[in-house]
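Report on one structure; see the data block that follows.
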Amino acid sequence: MFFILSKLLDFVLSPAVWLVGLVLLAALVRHARWQKRLRWAAAIGLLVFTNPALVNEALLAWEKPPVTLRQLGRHDAGILLTGITEGQKSPHDRVYVGPGADRLLHTLWLYRAGRIKRIIITGGSGALVQPKVSKDEMPRTEAQELQVLLRLAGVPRQDILLETRSRNTRENALFTKELLAQHPEIKSTVLITSAFHQRRALGCFAKVGLHPAPFPAGFYSSDRKPTLSYWLLPGDQPLALWSILLHEMAGYAVYRVLGYAS
């Protein structure tokens with residue numbers, strides 16, 4: 001049930017849904033004063049949620065800051081969180097990578113730079129409905145899909161460890177801890193996930209007694225720009241970014257309340 005409810009947050013916490021709802025309510029209500037209030041609310045909401053500077057400032061405050069290679073040091077393994085492949089896309093004879101692919105690229109970068117010796121990929125499937133595959137194809141977990149790409153990039157099989165059961169960040173932490181218990185030689189780790197997701201991920205791993213070094217990737221924020229276009233010109237991308245940010249903030253709050261994250 002918790003897994004299903006977490007997916008509903010994508011819809012409930014969408015500013016686009018809020019704006020459409022306000023417009024529909026304004027068209028349905030008969031009271032002139034309430035119609036005016038709802039229209040004003042929709043107009044103000046549109047200005048706020050399409051302003052690139054406002055969402056960027058919010059993202060800068062929420063995302064964990066980048067870490068330099070010198071600051072990171074060297075570790076036994078990097079823990080790569082999944083959630084960046086598009087399993088619903090066919091044909092299923094390849095791997096489709098969506099937003100957040102920097103997680104994979106930065107993991108490979110750390111491995112090639114000698115900052116991590118091994119790569120732990122954690123993630124089963126985060127989809128409510130599993131994709132249909134032909135009888136000649138075997139369904140892959142998200143971790144297995146990313147393993148395919150790392151192997152194609154030349155990472156030896158013995159340097160990749162898979163955790164393929166988890167469906168959310170809490171389970172990522174729980175099942176990674178079980179995996180690490182089977183590999184006592186791995187003493188220091190790096191957690192590689194998107195910058196906006198690092199806060200919740202670190203909290204979940206800390207809750208199960210793991211304290212990996214953070215390495216944020218896949219930043220949605222950008223450097224501030226001293227231009228009028230940055231502060232004033234509206235755009236369509238901020239709507240999507242607000243949805244991502246609000247979903248993550250709500251998820252973090254729920255995890256804290258339920259005791260899944262510290």
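Rule-based calculations on the coordinates, nothing more; no lab input. Note that the structure is predicted; figures quoted are calculated from it, not measured. Positions of Cβ are generated from backbone atoms using ideal geometry, with glycine treated the same way; all protein chains shown enter the neighbour counts.
Just a few scattered comments:
- The chain, helix-only ellipticity at 222 nm - DSSP H runs n ≥ 4, -39,500 (n - 2.57), divided by all residues, nearest 500: -15500 deg cm²/dmol
- Max-minus-min Cα coordinates of the chain on each principal axis give 70, 49, 36 Å, with the largest extent listed first.
- Angle between the chain longest axis and helix 102-112 axis [Cα atoms, degrees, rounded to 10]: 30
- Descending semi-axes in whole angstrom, ellipsoid equivalent of the range 13-122, from the Cα gyration tensor: 45, 20, 9
- As a proxy for reagent exposure, ranking Val48, Val55 by other Cβ atoms within 10 Å from fewest up yields Val48, Val55.
- Relative contact order computed over the range 8-54 (Cα-Cα under 8 Å; 6+ residues apart), in percent: 32
- 0 to 90° range, to nearest 10: angle between helix 15-28 axis and the chain longest Cα axis: 30
- Across the chain, C-alpha contacts under 8 Å between residues 6 or more apart give a mean separation that, scaled by the residue count, equals a relative contact order of 27 percent.
- Hull shadow area, averaged, the range 158-262 [alpha-carbon convex hull, nm²]: 8.8
- Helix axis angle, 237-258 relative to the chain longest principal axis, alpha carbon, degrees: 70
- For the chain, the tally of Lys pairs with Cα-Cα distances below 16 Å comes to 4, considering only residues 8 or more apart or on different chains.
- Percentage of interatomic Cα-Cα distances in the range 69-217 larger than 21 Å: 39
- Nonlocal amide H pairs with Ile116, under 5 Å, H built at 1.01 Å: His75, Tyr111
- The order of the peptides 140-151, 228-239 by mean Cβ neighbours within 10 Å, most packed first, is 140-151, 228-239.
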